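Worksheet for the structure shown next.
The values are calculated or read from the model by the stated rules, or taken from the named source; none is laboratory data. No experiment lies behind these values; they were computed from the predicted model shown. Heads up, the Cβs are rebuilt from the backbone with ideal geometry, glycines too, and the neighbour counts pull from every protein chain shown. The accessibility values were calculated without ligands, DNA or RNA, using every heavy atom of the protein model including side chains. Shrake-Rupley method; radii C 1.70, N 1.55, O 1.52, S 1.80 Å.
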Amino acid sequence: MTRDLRGRIHDANDVAWLVLMAATALAWWWGRAAQGRGDAVRIAMAGVVLTATFKVGVVGYQFMELKTAPRWLQLAFAAWLLGISAALVVIICG
Amino acid sequence: MERVAAARQDVRPHVPGEIGIWAFVAGDLIVFSVFFVLVAIGNRDEAEVFTRSRASLDLGIGVANTVLLLSGSWFVARGVARCREAHDPRFSRYFSLAILCGLGFVANKGFEWGTKIAAGITPQTNDFYMYFFVFTGIHLVHVLIGIGVLLLVRHTSRRPVLDRRDVRTLETGATFWHLVDFLWIFLFALLYLL
């Protein structure tokens with residue numbers, strides 16, 4: 001991942017930042033949808049939580065360098081992230 | 001030359017930073033997980049109060065603070081990678097930019113709290129605002145500590161040559177800063193967006 005997008009993107013960290021900005025915009029959109037009415041609100045709330053989960057995954061994997069960490073640390077982080085995400089979705093949308 | 005080679009070896013599979021910082025991360029994740037679940041339960045059990053209170057928050061401030069922390073993490077990640085691959089003391093500018101992002105977050109949060117308190121909204125107003133002030137307050141303490149950590153990281157990165165221990169110091173500080181970042185991602189989602 002070097003020297004593309006007119007040479008401005010240098011590595012995976014730049015790509016991760018762009019993805020995180022796009023995910024923040026998506027989360028904002030989910031948030032607006034969650035203020036509505038009907039069954040779509042539950043979907044939007046789940047969307048808010050799952051988008052946050054994705055963003056935390058990107059920060060952990062790329063910025064925190066878990067991608068090069070030992071397997072046990074990767075699994076521990078993934079277990080926490082999936083566990084808290086599932087708990088939040090069940091409580092909020094259940 | 002040996003020092004550079006030693007530093008470069010750290011890109012191979014390894015625990016980023018000191019093992020102790022990961023014990024701290026684990027403890028903090030447990031505590032904040034309880035906070036997240038409490039907000040989710042409150043959102044379920046007091047839906048009307050939470051929805052009305054959430055509507056009074058300034059979403060623009062929440063989004064701005066999210067962008068500031070994500071950008072701060074980006075600068076830190078770039079700085080650590082640059083210092084490790086081919087160190088130059090000038091790469092400390094990445095950590096300076098991250099510190100500015102952190103200070104921007106603190107100023108933004110101070111403004112947000114100030115307007116709420118001026119409007120008579122305090123932690124005693126209702127459960128939503130109790131969670132809002134207490135949990136974002138605890139997170140704000142993390143941000144302030146993180147800024148101090150980044151000042152140390154910036155100082156270390158200005159050395160003409162980095163040995164393996166220096167690189168480990170950069171990674172340890174970076175790990176703490178990224179923790180601060182992703183705790184905010186969940187707080188932002190639960191307090192501002194639901």
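Could you say which residue among B:Val161, B:Val153 is among the aliphatic types (A, V, I, L, M) and crowded, with 24+ Cβ neighbours inside 10 Å?
Every option except B:Val153 fails the conditions.
Quick test for you: out of A:Val59, A:Val90, A:Val19, pick the one residue that is β-branched (Val, Ile, Thr) and touching a Lys or Arg at 6+ places or on another chain (Cβ under 9 Å). Give the derivation first.
Numbers: A:Val59 fails: touching a Lys or Arg at 6+ places or on another chain (Cβ under 9 Å); A:Val90 fails: touching a Lys or Arg at 6+ places or on another chain (Cβ under 9 Å).
Unique residue meeting the criteria: A:Val19.
Being more than 13 Å from chain A (Cβ to nearest Cβ), polar (S, T, N, Q) and open to solvent by less than 50 Å² (accessible area, probe 1.4 Å), is that true of even one residue in the range B:60-67?
Here is the first cut: in the range B:60-67, the residues more than 13 Å from chain A (Cβ to nearest Cβ) are none.
No, because not a single residue in the range B:60-67 is more than 13 Å from chain A (Cβ to nearest Cβ), polar (S, T, N, Q) and open to solvent by less than 50 Å² (accessible area, probe 1.4 Å).
Condition test on B:Ala81, is it assigned to a helix (DSSP H, G or I) and either open to solvent by 50 Å² or more (accessible area, probe 1.4 Å) or within 17 Å of B:Leu179 (Cβ to Cβ) (or both)?
Against the criterion (assigned to a helix (DSSP H, G or I) and either open to solvent by 50 Å² or more (accessible area, probe 1.4 Å) or within 17 Å of B:Leu179 (Cβ to Cβ) (or both)), B:Ala81 does not qualify.
From B:Ile117, B:Ile121, grab the single residue that is touching a residue at least 40 places away in the same chain (Cβ under 8 Å) and open to solvent by 10 Å² or more (accessible area, probe 1.4 Å).
Values: B:Ile117 fails: touching a residue at least 40 places away in the same chain (Cβ under 8 Å).
Just one listed residue meets the conditions, B:Ile121.
Being at the interface with chain A (Cβ under 10 Å from one of its Cβ atoms), surrounded by fewer than 22 Cβ atoms within 10 Å (Cβ to Cβ) and in contact with a helix residue (DSSP H, G or I) (Cβ under 7 Å, 6 or more places away or on another chain) is the filter here; which residues of the range B:43-53 pass it?
B:Arg44
Exactly one condition in (1) modelled with pLDDT under 95; (2) touching a Phe, Trp or Tyr at 6+ places or on another chain (Cβ under 7 Å); (3) open to solvent by 40 Å² or more (accessible area, probe 1.4 Å) is not met by B:His87; state its number.
(2)
Scan the range B:151-168 for residues that are in contact (Cβ under 8 Å) with a residue 24 or more places away in the chain and touching a Leu at 6+ places or on another chain (Cβ under 8 Å) and jot them down.
Scanning the range B:151-168 gives B:Val153, B:Ser157, B:Leu162.
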